[in-house]
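The values are calculated or read from the model by the stated rules, or taken from the named source; none is laboratory data. Because the structure is predicted, anything quoted here is derived from the model rather than measured. When we count neighbours, we look across all protein chains shown, and the Cβ atoms used for this are built from the backbone with ideal geometry, even at glycine.
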Amino acid sequence: MQFFFEVLIGGLLAGVMYSLVALGFVLIFKASGVFNFAQGAMVFFAALVFVTLQEKLAAPFWLAFALTLVVMVLVGILTERVVLRPLVNQPQISLFMATIGLAFFVEGAAQLVQLWAFRDISPRPLALGFQDAPIDWLLARFNMLVSRFDAFAALVAGALVAALALFFNKTRVGRALRAVADDHQAALSVGIPLKYIWAIVWSVAGFVALVAGLMWGARSGVQFALTLVALKALPVLILGGFESIAGAIVGGLIIGAAEKLAEVYLGPYVGGGIEGWFAYVLALLFLLVRPEGLFGEKHIDRV
Amino acid sequence: MSAQPPDGEVLLAVDNISLSFGGVKALADVSFDVRRGEIRAIIGPNGAGKSSMLNVINGVYHPQQGTVRFRGETRRRVDPHRAAANGIARTFQNIALFKGMSVLDNIMTGRNLKMRATLFEQAIYVGRNRREELVHREKVEQIIDFLQIEHIRKTPVGRLPYGLQKRVELARALAAEPALLLLDEPMAGMNVEEKQDMCRFVLDVNEEFGTTIVLIEHDMGVVMDISERVVVLDYGRKIADGSPQEVRANPAVIDAYLGVAH
């Protein structure tokens, strides 16, 4: 039983890492109905800019963080101006296709930065000061192995979600974001400038990408594979619902826990290695039962 | 109701507005004015260009010809959010509320332009943001009180019946404390009782806040009762303009509504 809990907690904490990436998707989907294919690329880009600043300019953590945030905000504003603005009033699918193009562009930019700064493309280590080592007192008291780093990541994700929830629900801009997501025409009529709001959404998504990039970079090194982390966010979104911040968290927890438990308890029967794809099977099953996700909005069309 | 033409200053004047979509002429050389403090009705058969006219006034459509003068400022084209900033609020024919948000939040969006806290202050939820939320919340509560929708303030708008949604939309427009309020068929689809309520609210808004109102309505009884002057459009042209009595007696109007014998 104690082993079960160990696996479960490990899974839940790993799931939080997926949630961090999923959050970026949810933000943009909520505010513009667009699935941002470039989110994974933004995670990679943010982490890389951060590492470059830290290593090449010897910038302390907070300075590097602030500068990277500035860069991500600029990317957000630029995205609005160059990619989104010409596509106002176009079908959603056009916007989606545009984000695929954006993904290649951002990935390319990140690789250029990496080559220019480090002259090779091997993973760069990123230290946040939390080792992937067990928490001592949990080990002593309950004989359970819980990673210090994972616990730290969970705390960061929790704080981020709380901050975003407050921002979305308690401020004028947050309200404006939700209003724009709901009805463009009505939002304009009460004086909400669409372009400004989109720039903010993409900047906030850039901020979330930065936090996710730091966490994932610290865990597995800053490398091109970070862009693929976005793929793990997909089953999380399908479970949680594309419109819900809470859904991204709960979805992440379920996916993380389920794939670890499946690996340990079902894995031996099929020869192991199911952690990599179990999440997608789960998402597929979920689509059959509840396509809108746990917290998504059910769309009822009037006929 | 007062039939004498109000003699206040001109708040809004549209001059020689022409608007077409491809080959379809929605408005052709339409001019009229709206005086401060009056209730002005725009009527006409379906497809006469009434909603297009409102859309021109608040900047959703940009006319090919003509100008809109509002508060003494003449402009060719304006964006809807600029129009809102200048003091024009509106409601829509097919309710355009933020369906997923509560009644309170919907009305709070109407205060959007009045709030001053910077993005940074909002991001960390300190200083002016907190104070502002409270101040504006109070104003919103007054409007909620005024329109008698206290009991639904926390309900998501999507769940409300049609008549109440219309009222929430009016509340959101009022929250901006507009100088000019555009109402696109505020009573469409309502039963008699709801219509009476809405009429009363429109008159109260006009009287208590002194808000100038331009409204489109199909119910002739309502129009004749509450408006001071009426513009009649037909096929994008203005065919009559005057007090309800004058308009009702105008042969061109009768022809437009009932058809002409050939």
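Being at pLDDT 85 or above and either farther than 25 Å from residue A:78 by Cβ or away from chain B (no Cβ under 14 Å) (or both) is true of residue A:213. Would you check if residue A:43 is aliphatic (A, V, I, L, M) and under 19 Å from the mean Cα position of the chain (by Cα)? Taking the combined requirement at face value, the residue satisfies it. Look at region A:129-155: where a residue is without any contact (Cβ under 8 Å) to a residue 12 or more places away in the chain and a partner is basic (Lys, Arg), sitting 6+ places away or on another chain with Cβ atoms under 9 Å, you get A:136/A:148. The condition of being surrounded by fewer than 17 Cβ atoms within 10 Å (Cβ to Cβ) and of a type in the set (Lys, Arg) holds for residue A:56. Taking the stated definitions as given, is residue B:167 under 13 Å from the mean Cα position of the chain (by Cα) and without any contact (Cβ under 8 Å) to a residue 40 or more places away in the chain? Spelling it out, residue B:167 is indeed under 13 Å from the mean Cα position of the chain (by Cα) and without any contact (Cβ under 8 Å) to a residue 40 or more places away in the chain. For region A:173-189, the tally of residues that are closer than 21 Å to residue B:131 by Cα, buried (at least 23 other Cβ atoms within 10 Å of the Cβ) and more than 7 Å from every other protein chain (Cβ to nearest Cβ) stands at 1.
Identify the single condition in (1) touching a Gly at 6+ places or on another chain (Cβ under 6 Å); (2) over 29 Å from residue B:111 (Cβ atoms); (3) of a type in the set (Lys, Arg) that residue B:36 does not satisfy, given that it satisfies every other one. So residue B:36 meets the others, but not (2). Can you tell me which of A:48, A:78 is surrounded by fewer than 17 Cβ atoms within 10 Å (Cβ to Cβ) and in a helix (DSSP H, G or I)? Answer to the check: A:78. Here the condition is being surrounded by fewer than 18 Cβ atoms within 10 Å (Cβ to Cβ), within 14 Å of another protein chain (Cβ to nearest Cβ), in contact (Cβ under 8 Å) with a residue 24 or more places away in the chain and over 22 Å from the mean Cα position of the chain (by Cα); of A:170, A:195, it holds for A:195 alone. Does region B:115-131 contain any residue that is under 24 Å from the mean Cα position of the chain (by Cα), over 11 Å from residue B:168 (Cα atoms), within 12 Å of another protein chain (Cβ to nearest Cβ) and at pLDDT below 85? Within region B:115-131 (the criterion being under 24 Å from the mean Cα position of the chain (by Cα), over 11 Å from residue B:168 (Cα atoms), within 12 Å of another protein chain (Cβ to nearest Cβ) and at pLDDT below 85), the answer is yes, since at least one residue qualifies. Restricted to strands (runs of 3 or more DSSP E) entirely inside region B:29-124, those with at least 1 residues that are buried (at least 17 other Cβ atoms within 10 Å of the Cβ) are B:39-43, B:65-70, B:88-90. Evaluating residue A:127 against the criteria (1) aliphatic (A, V, I, L, M); (2) farther than 24 Å from residue A:215 by Cβ; (3) exposed (fewer than 14 other Cβ atoms within 10 Å of the Cβ) leaves one unmet condition, (2).
Residue-by-condition table, conditions (1) assigned by TED's automatic domain parsing to the domain that holds residue B:104; (2) under 21 Å from residue B:99 (Cα atoms); (3) in a helix (DSSP H, G or I):
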{"residue": "B:167", "(1), (2), (3)": "yes, yes, yes"}
{"residue": "B:172", "(1), (2), (3)": "yes, yes, yes"}
{"residue": "B:183", "(1), (2), (3)": "no, yes, no"}
{"residue": "B:189", "(1), (2), (3)": "no, yes, no"}
{"residue": "B:203", "(1), (2), (3)": "no, no, yes"}
{"residue": "B:206", "(1), (2), (3)": "no, no, yes"}
{"residue": "B:225", "(1), (2), (3)": "no, no, yes"}
{"residue": "B:230", "(1), (2), (3)": "no, no, no"}
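Residues are listed down the side, and each one gets a yes or a no for (1) surrounded by fewer than 15 Cβ atoms within 10 Å (Cβ to Cβ); (2) at pLDDT 85 or above:
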{"residue": "A:100", "(1), (2)": "yes, yes"}
{"residue": "A:111", "(1), (2)": "no, yes"}
{"residue": "A:152", "(1), (2)": "no, yes"}
{"residue": "A:166", "(1), (2)": "no, no"}
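Of all residues assigned to region A:114-133, at least one qualifies as being aliphatic (A, V, I, L, M), more than 30 Å from residue A:13 (Cβ to Cβ) and away from every other protein chain (no Cβ under 14 Å).
For region A:240-252, a residue qualifies if it is crowded, with 24+ Cβ neighbours inside 10 Å and modelled with pLDDT of 90 or more, and the qualifying residues are A:251, A:252. Scanning region A:266-282 for residues that are in a helix (DSSP H, G or I) and surrounded by fewer than 11 Cβ atoms within 10 Å (Cβ to Cβ) returns A:268, A:269, A:270, A:276.
Just checking, does region A:257-265 include any residue being modelled with pLDDT of 85 or more, closer than 25 Å to residue A:82 by Cβ and either outside any helix (DSSP H, G or I) or under 19 Å from the mean Cα position of the chain (by Cα) (or both)? No, there is no match, as no residue in region A:257-265 is modelled with pLDDT of 85 or more, closer than 25 Å to residue A:82 by Cβ and either outside any helix (DSSP H, G or I) or under 19 Å from the mean Cα position of the chain (by Cα) (or both). All of (1) assigned to a helix (DSSP H, G or I); (2) of a type in the set (D, E, K, R); (3) in the same structural domain as residue B:82 (by TED's automatic domain parsing) hold for residue B:241 with one exception: (1).
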